[in-house]
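To start, the structure itself, in structure tokens.
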Amino acid sequence: MPVISHAVDRFKLLNLGYLRGGKGPYVIRQDGYAPGSRTMEEHRFYLLEDGSWMLNYAFFLLPAEEQERHLFGSLSEVFKAIDDLAGQKVVVHGELPEGATKEKILAGMRETGNRLNKRIYDAKAGNLSR
């Protein structure tokens, strides 16, 4: 089980594909455990626009507008974000916010999934009509 780091070879780049030409937005994710974790339990984390990493379950609890803010709109934004990590301390938000429940997390996952699926579907449908 690896610790969350800024090692680029650990990143997974996901293209959500609903922007023009199916290129973007992008999400950078990584699986591992937070530095200093006593349990060393592996979880999935997403890179935020400020260069910190957030537990995916906590990400799903963010309002839609804030989630969108943390997506990278182009590959140049992805490369800049990765370049900006060089030499920076790894900051991990590995805890759930106070009041988070299994039900709230599942609802957030459903809402996020439904919203992204609709945007992907709408983008694909728009491509067919051209």
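Under 9 Å between Cβ atoms, at least 6 apart or on separate chains: pull out the pairs that start in the stretch 40-60 with a residue that is more than 23 Å from residue 106 (Cβ to Cβ) and without any contact (Cβ under 8 Å) to a residue 60 or more places away in the chain and end on any residue that is in a helix (DSSP H, G or I) and of a type in the set (Gly, Ala, Ser).
As it stands, the answer is 47/81; 49/81; 51/81, since those pairs meet every condition given.
Is it the case, given these coordinates, that residue 94 is surrounded by 12 or more Cβ atoms within 10 Å (Cβ to Cβ), at pLDDT 95 or above, of a type outside the set (Phe, Trp, Tyr) and in contact with a Leu (Cβ under 6 Å, 6 or more places away or on another chain)? First the steps, then the outcome.
Working: surrounded by 12 or more Cβ atoms within 10 Å (Cβ to Cβ): yes; at pLDDT 95 or above: no; of a type outside the set (Phe, Trp, Tyr): yes; in contact with a Leu (Cβ under 6 Å, 6 or more places away or on another chain): yes.
Against the criterion (surrounded by 12 or more Cβ atoms within 10 Å (Cβ to Cβ), at pLDDT 95 or above, of a type outside the set (Phe, Trp, Tyr) and in contact with a Leu (Cβ under 6 Å, 6 or more places away or on another chain)), residue 94 does not qualify.
Looking at 106, 116 in this structure, which one is assigned to a helix (DSSP H, G or I), open to solvent by less than 90 Å² (accessible area, probe 1.4 Å) and without any contact (Cβ under 8 Å) to a residue 24 or more places away in the chain? Explain how you work it out, then say what you get.
On the way: 116 fails: without any contact (Cβ under 8 Å) to a residue 24 or more places away in the chain.
So the residue among 106, 116 that is assigned to a helix (DSSP H, G or I), open to solvent by less than 90 Å² (accessible area, probe 1.4 Å) and without any contact (Cβ under 8 Å) to a residue 24 or more places away in the chain is 106.
Can you list the strands (runs of 3 or more DSSP E) found entirely within the stretch 1-74 that contain at least 1 residues being open to solvent by less than 30 Å² (accessible area, probe 1.4 Å)? First the steps, then the outcome.
Numbers: elements: 12-15, 26-32, 43-47, 53-55.
Strands (runs of 3 or more DSSP E) meeting the threshold: 26-32, 43-47, 53-55.
Quick grid of which residues meet (1) within 17 Å of residue 31 (Cβ to Cβ); (2) hydroxyl-bearing (Ser, Thr, Tyr):
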site	(1), (2)
45	yes, no
48	yes, no
57	yes, yes
62	no, no
68	no, no
72	no, no
75	no, no
79	no, no
90	yes, no
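Give the residues of the stretch 100-112 that are closer than 27 Å to residue 36 by Cβ, of a type outside the set (A, V, I, L, M, F, W, C) and out of contact with any Leu (no Cβ under 9 Å at 6 or more places or on another chain), sorted by residue number. Give the derivation first.
Here is the first cut: in the stretch 100-112, the residues closer than 27 Å to residue 36 by Cβ are 100-102, 104-105, 108-109.
Narrowing further to those that are of a type outside the set (A, V, I, L, M, F, W, C): 101-102, 104, 108.
Those that are closer than 27 Å to residue 36 by Cβ, of a type outside the set (A, V, I, L, M, F, W, C) and out of contact with any Leu (no Cβ under 9 Å at 6 or more places or on another chain): 101, 102.
May I ask you to list the residues in the stretch 75-91 that are hydrophobic (A, V, I, L, M, F, W, C) and either open to solvent by less than 70 Å² (accessible area, probe 1.4 Å) or within 16 Å of the chain's Cα centre (by Cα) (or both)? Write out each step before concluding.
Narrowing the stretch 75-91 to residues hydrophobic (A, V, I, L, M, F, W, C): 75, 78-79, 81-82, 85-86, 90-91.
Result: 75, 78, 79, 81, 82, 85, 90, 91.
The values are calculated or read from the model by the stated rules, or taken from the named source; none is laboratory data. Please read all numbers here as calculations on a predicted model, not as lab measurements. Don't worry about glycine lacking a Cβ; one is built from the backbone with ideal geometry, like all the others, and counts go over all protein chains shown. All accessible areas refer to the heavy atoms of the entire protein, side chains included, with ligands and DNA or RNA removed. Shrake-Rupley method; radii C 1.70, N 1.55, O 1.52, S 1.80 Å.
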